[in-house]
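Data block below; observations after.
The values are calculated or read from the model by the stated rules, or taken from the named source; none is laboratory data. From a predicted model like this one, the values you see are computed outputs, not experimental measurements. A quick note on method: Cβ atoms are made from the backbone with ideal geometry, for glycine too, and the neighbour counts reach across all protein chains shown.
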Amino acid sequence: MYEKLEECPSCRYPKLVNQLILQDSLISGESFALVGCANCHLRFLNPRPTDITRFLAPQLIDRLPSGKRMSLITRLLTRKIVKQQLSLVHHYNPQKLLNIASGVNSFRRLLTKSRDVIQVQPITSEISLPGIPKSLKFEMITCWEGFGHAKELKDSIKQLRKKLVKDGKLLIHLANPTSPVADHFGQAWAAYDAPRSMYFASPSSAEMLFTKTKFNIVERIPCPAYNLLYVLVSTFQSQGSIDILQALRLSRKTNNQSRDTDNYCSYIYVLEK
Ligand SMILES: [Zn+2]
């Protein structure tokens, strides 16, 4: 079953512009139309499956070929990504933390034992918080991967907002569809991952979305370590093999372009209730 949206799920503007056709090369082979809102420029699948459970697939990092050099690269990338996530948690120092659908499981393992951490995963078509009492609230909620799976975009953010204490922080990682690496790969950009991911927000469309859901944006932090990951996965998915030297060169080139234009491949948004 599929459903079609008549307006932007963020700003409700009715004019939607066709962007790309995305193919699910991992599970179904089906094609999906990606549209963009003419006002806030949020991109989203339209129409979209009513339930994405049957399309679920491994995380980005599991979609690479095996081999010594590749596993060394993915280990280094994972370490960089998790280090950045952990340093943010330590900086804000919450005692009660809810982690939603962490793509990199070592994040949960490495959190200090002194913190009270609850983890919920995976996100399917909805962000559901099974087994968490209504009255339980958190100082921080982290959502590193998979936020784009949440079908009801604003409702999901509002639901998370309700689970935060006053001044609590929501940390969301979002890939940037207007970044140089996304432009380079077009419909083959790994982060599109249709139909598992349904929404893609540039920094300006993310800011509009979070403002509309009553969050203050405290920080927007670039995550350049994802750039090489996107290059590797996008290349492997579209070509079936990877020339590692070429991938490193392309990643360096697109990362430099990102730095020069302040338009990184992905960001962590630190939002405050
Ligand atoms: Zn919009």
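Any chance you could count how many residues in segment 195-223 are surrounded by fewer than 24 Cβ atoms within 10 Å (Cβ to Cβ), of a type in the set (A, V, I, L, M) and not in a helix (DSSP H, G or I)?
Residues meeting the conditions: 3.
Among the residues of segment 17-31, are any of a type in the set (S, T, Y), part of a loop (DSSP other than H, G, I, E, B), within 12 Å of the ligand (Cβ to nearest atom) and touching a helix residue (DSSP H, G or I) at 6+ places or on another chain (Cβ under 7 Å)? Break it down into steps so the answer makes sense when it comes.
Residues of segment 17-31 of a type in the set (S, T, Y): 25, 28, 31.
The next check asks that each one be part of a loop (DSSP other than H, G, I, E, B); those that pass are 25, 28.
Retained after the next criterion (residues that are within 12 Å of the ligand (Cβ to nearest atom)): none.
Scanning segment 17-31 turns up no residue that is of a type in the set (S, T, Y), part of a loop (DSSP other than H, G, I, E, B), within 12 Å of the ligand (Cβ to nearest atom) and touching a helix residue (DSSP H, G or I) at 6+ places or on another chain (Cβ under 7 Å).
Would you tally the residues in segment 214-253 being of a type in the set (S, T, N, Q) and in contact with a Ser or Thr (Cβ under 9 Å, 6 or more places away or on another chain)? Can you show your working first?
So in segment 214-253, the residues of a type in the set (S, T, N, Q) come out as 216, 227, 234-235, 237-239, 241, 246, 251.
Those left that are additionally in contact with a Ser or Thr (Cβ under 9 Å, 6 or more places away or on another chain): 227, 235, 237-238, 241, 246.
Total meeting the criteria: 6.
Could you identify the single residue in Y192, Y226, Y264 that is in contact with a Cys (Cβ under 8 Å, 6 or more places away or on another chain) and part of a loop (DSSP other than H, G, I, E, B)? Steps first, answer last, please.
Details: Y192 fails: in contact with a Cys (Cβ under 8 Å, 6 or more places away or on another chain); Y226 fails: part of a loop (DSSP other than H, G, I, E, B).
Sole residue among the options that is in contact with a Cys (Cβ under 8 Å, 6 or more places away or on another chain) and part of a loop (DSSP other than H, G, I, E, B): Y264.
Would you pick out the residues in segment 184-241 that are away from the ligand (no atom under 16 Å from the Cβ), closer than 19 Å to A33 by Cα, of a type in the set (F, W, Y) and touching a helix residue (DSSP H, G or I) at 6+ places or on another chain (Cβ under 6 Å)?
Scanning segment 184-241 gives F185, W189.
Examine segment 238-259 for a residue that is closer than 28 Å to S156 by Cα and out of contact with any Asp or Glu (no Cβ under 7 Å at 6 or more places or on another chain), and state whether such a residue exists.
First pass over segment 238-259, keeping only residues closer than 28 Å to S156 by Cα: none.
Checked against the condition, which is being closer than 28 Å to S156 by Cα and out of contact with any Asp or Glu (no Cβ under 7 Å at 6 or more places or on another chain), segment 238-259 yields no hits at all.
Specify which of the listed residues (A201, A188) is modelled with pLDDT of 95 or more and touching a Lys or Arg at 6+ places or on another chain (Cβ under 8 Å).
Within the list A201, A188, the selection yields A201.
Step by step: first the residues of segment 232-249, then only those that are in a helix (DSSP H, G or I) and free of Cβ contacts under 8 Å to residues at least 12 places away in the same chain, then the one that is surrounded by the fewest Cβ atoms within 10 Å (Cβ to Cβ). Which residue is that?
Here is the first cut: in segment 232-249, the ones in a helix (DSSP H, G or I) are 232-239, 244-249.
Filter once more, so that each one left must be free of Cβ contacts under 8 Å to residues at least 12 places away in the same chain: 239, 245-246, 249.
Values: Q239: 10, L245: 8, Q246: 11, R249: 12.
Ranking the qualifying residues of segment 232-249, first place goes to L245.
Being of a type in the set (D, E), closer than 22 Å to L174 by Cβ and surrounded by fewer than 15 Cβ atoms within 10 Å (Cβ to Cβ) is the filter here; which residues of segment 1-58 pass it?
Looking only at segment 1-58, we keep the residues that are of a type in the set (D, E), and these are 3, 6-7, 24, 30, 51.
Of the ones still in play, those that are also closer than 22 Å to L174 by Cβ are 7, 24.
Matches in segment 1-58: E7 only.
Among the residues of segment 38-95, which ones are within 20 Å of the chain's Cα centre (by Cα), of a type in the set (F, W, Y) and more than 16 Å from the ligand (Cβ to nearest atom)?
F55
Six or more apart or on different chains, Cβ under 8 Å: which pairs go from a residue in segment 1-17 that's without any contact (Cβ under 8 Å) to a residue 24 or more places away in the chain to one that's in a loop (DSSP other than H, G, I, E, B) and within 7 Å of the ligand (Cβ to nearest atom)? Could you list them?
Qualifying pairs under 8 Å: E7/Y13; P14/C8.
Tell me yes or no: at least one residue of segment 191-205 is in contact with an Asp or Glu (Cβ under 7 Å, 6 or more places away or on another chain) and either touching a residue at least 24 places away in the same chain (Cβ under 8 Å) or not charged (D, E, K, R) (or both). It would help to see each step written out before you state the result.
Initial filter on segment 191-205 (in contact with an Asp or Glu (Cβ under 7 Å, 6 or more places away or on another chain)): 194-195.
Imposing the further condition that a residue be either touching a residue at least 24 places away in the same chain (Cβ under 8 Å) or not charged (D, E, K, R) (or both) reduces the set to 194-195.
Yes, some residue in segment 191-205 is in contact with an Asp or Glu (Cβ under 7 Å, 6 or more places away or on another chain) and either touching a residue at least 24 places away in the same chain (Cβ under 8 Å) or not charged (D, E, K, R) (or both).
Out of (1) of a type outside the set (F, W, Y); (2) modelled with pLDDT under 95; (3) closer than 30 Å to K166 by Cβ; (4) more than 19 Å from the chain's Cα centre (by Cα), what's the single condition that is false for R12?
Condition (2) is where R12 drops out.
Only one of (1) out of contact with any Cys (no Cβ under 8 Å at 6 or more places or on another chain); (2) over 22 Å from K212 (Cβ atoms) is not met by G36, so which one is it?
Result: G36 passes all but (2).
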